[in-house]
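First comes the structure, then the notes that go with it.
The values are calculated or read from the model by the stated rules, or taken from the named source; none is laboratory data. None of these values were measured; they are calculated from a predicted model. Note: ideal-geometry Cβ built from the backbone for every residue, glycine included; neighbour counts use all protein chains shown. What goes into the accessible areas is simple: the full protein's heavy atoms, side chains included, and nothing from ligands, DNA or RNA. Shrake-Rupley method; radii C 1.70, N 1.55, O 1.52, S 1.80 Å.
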Amino acid sequence: NRDAIQYYVEFRTILKIVFKQINLLTKERRSMSTAITLRNIPTICLKSDAAPSLFASQELGDYIQHITGKRPRFSETIGDDGGVILLVEGDHEHDAFSITGDSDTKIIRISGSNPRSLLFGVYRFVSEYLGVAWTSPGKSGEIVSGPSGMTFDDIRIQERGMLKRRGFYVDSSQ
């Protein structure tokens, strides 16, 4: 078991180094283009009251606070400083989300086809644009090597799950 533990520790160390290198390359690529800069701590505008949507907004707020040191504001509207709008468009069973960011309005919009998909969209944004990665469940498995500021390129991401439902199925008929 000691060998397995040592292997796990070495593997996590290597993953942290790789994720930091990827983050540095991503920062360099982003600095070469027109960017969305949220000068102040962004406002998070949640347009859904479903439990997974509330959890998504809390997760986004927690990671922004972890990176910037300040808690974002939660509001029903976005001001001139820009912000992040989280919304659920419809109540579809099929998981799909989109992330768009406009450098003119300084607004990042994360929308999901259902509350669960909104959470998937938030996690994609957090991992790709805020430099967060997970090697295992829980806080000990988080790698947060986020950017020093909140600056992003124009963003256009759309994803749709390959399967209608996700879950675990156990067949007990034998």
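Per-structure values
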{"item": "Pairs, first within 16 Å of residue 66 (Cα to Cα) in the stretch 108-131, second at pLDDT below 90 and among the hydroxyl-bearing types (Ser, Thr, Tyr), C-beta under 7 Å, six or more apart", "result": "126/63; 130/63; 131/145"}
{"item": "Candidates 132, 84, 126, 88 - the one that is open to solvent by 30 Å² or more (accessible area, probe 1.4 Å) and touching a strand residue (DSSP E or B) at 6+ places or on another chain (Cβ under 6 Å)", "result": "88"}
{"item": "Failed item in (1) buried (at least 19 other Cβ atoms within 10 Å of the Cβ); (2) at pLDDT 90 or above; (3) of a type in the set (Asp, Glu), with residue 59 passing the rest", "result": "(1)"}
{"item": "Test result for residue 52, open to solvent by 40 Å² or more (accessible area, probe 1.4 Å), in contact with a helix residue (DSSP H, G or I) (Cβ under 8 Å, 6 or more places away or on another chain) and not hydrophobic (A, V, I, L, M, F, W, C)", "result": "yes"}
{"item": "Residue selected from the stretch 112-140 under the condition part of a strand (DSSP E or B) and under 12 Å from the mean Cα position of the chain (by Cα), by the criterion nearest to residue 155 (Cα to Cα)", "result": "132"}
{"item": "Answer from 152, 168 - the residue that is at pLDDT below 80 and surrounded by fewer than 11 Cβ atoms within 10 Å (Cβ to Cβ)", "result": "168"}
{"item": "Filter result for the condition that a residue is open to solvent by 40 Å² or more (accessible area, probe 1.4 Å) and either at pLDDT 85 or above or among the β-branched types (Val, Ile, Thr) (or both), over 70, 16, 47", "result": "47"}
